[in-house]
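**Q** Input: one structure, supplied below.
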Amino acid sequence: MPWNILPALVDEVCCDHGGRVALLADGLNVGVVGHMLELDGLRSAPAEEGMAVHLLGGQRLKLLETLERSPAGGRLAAFEPVDDEPLSVHEQRQLEEEAVAARAFISGGGGSENWELLLCHLDEELLFDVEELANPMAHPLWIKAAAVPDDPVDLGFWLACRLPLTTSLRFHLLALSCPLKRLRDVVDALRLLCDPSRADGRQLAKFEVLWHTAEASGCEVEPPRAIIHWRGGGVARASRY
């Protein structure tokens, strides 16, 4: 996701923190470590205004407390790692079965006219009038990251970042410490995207489909897009776990 950062702060992160920076969305307490990738001699020469800095996400972190600011203006903070819970042999088998189901949904294309796999930070307002190097699709690992992961755990994260979900549901999935629960919820979201009528069933009662519609402006209106959200209104949530 493109954002503006002062060259002095880039140099401070590279020199004092090994090129690592914690990334958290506003109002959330779980994020990831972003590793600055070497670009245009970033590590051998001072950063300059207009230079593009690409990050590679890593370990998940939970914010414990914010501290003072650094000399370059960065916010220091205390974190603890967020790791997935180990699974039993039976749970690992269930995880692999869920991964098979997830791949079947995304390869089958059933109902995909209402949704698409798109990274959650590729909103139109973020890409509007952005310089080429600041475009997320210009990231050197863009093509590699677009490939569907083979590992079931990685697949759960990959889909949670790309399915059309509300922010609260996406954060819930990405912050979960159980990979089986995460992938089960992802598969349930896929089931609902492919067949929105399933929201009336007991098994998927915790989710509902919101339809995002374009505003009419005298021109051809785009078809509505499905977005999965927690079911509200006091309706009891049923879970598969």
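**Q** Check which residues have an amide H placed less than 5 Å from Lys206's amide H, if you skip close sequence neighbours.
**A** Placed amide hydrogens put Ala238 under 5 Å from Lys206.
**Q** Students often forget the sequence filter, so: which lysines lie under 20 Å Cα-Cα from Lys62 once same-chain residues fewer than 8 apart are removed?
**A** Lys181
**Q** Then there's this: Can you figure out the FRET efficiency of Glu49 with Glu85, using R₀ = 51 Å and their beta-carbon distance, to the nearest 0.05?
**A** 0.70
**Q** Based on a Kirkwood Rh over C-alpha pairs, give the Stokes-Einstein translational diffusion coefficient of region 7-82 at 20 °C and viscosity 1.002 mPa s in µm²/s.
**A** In µm²/s, the coefficient is 164.
**Q** While we're on this one: For a protection proxy built on the mean count of beta-carbon atoms within 10 angstrom, sort 52-62, 140-150, 187-197, 16-26 highest first, please.
**A** The packing order, highest mean first, is 187-197, 52-62, 16-26, 140-150.
Since every read-out is calculated from the coordinates, none of them should be taken as a lab result. Treat the numbers as computed from the prediction; the structure is a model and nothing was measured. All Cβ positions, even for glycine, are placed from backbone atoms using ideal geometry, and neighbour counts span all protein chains on display.
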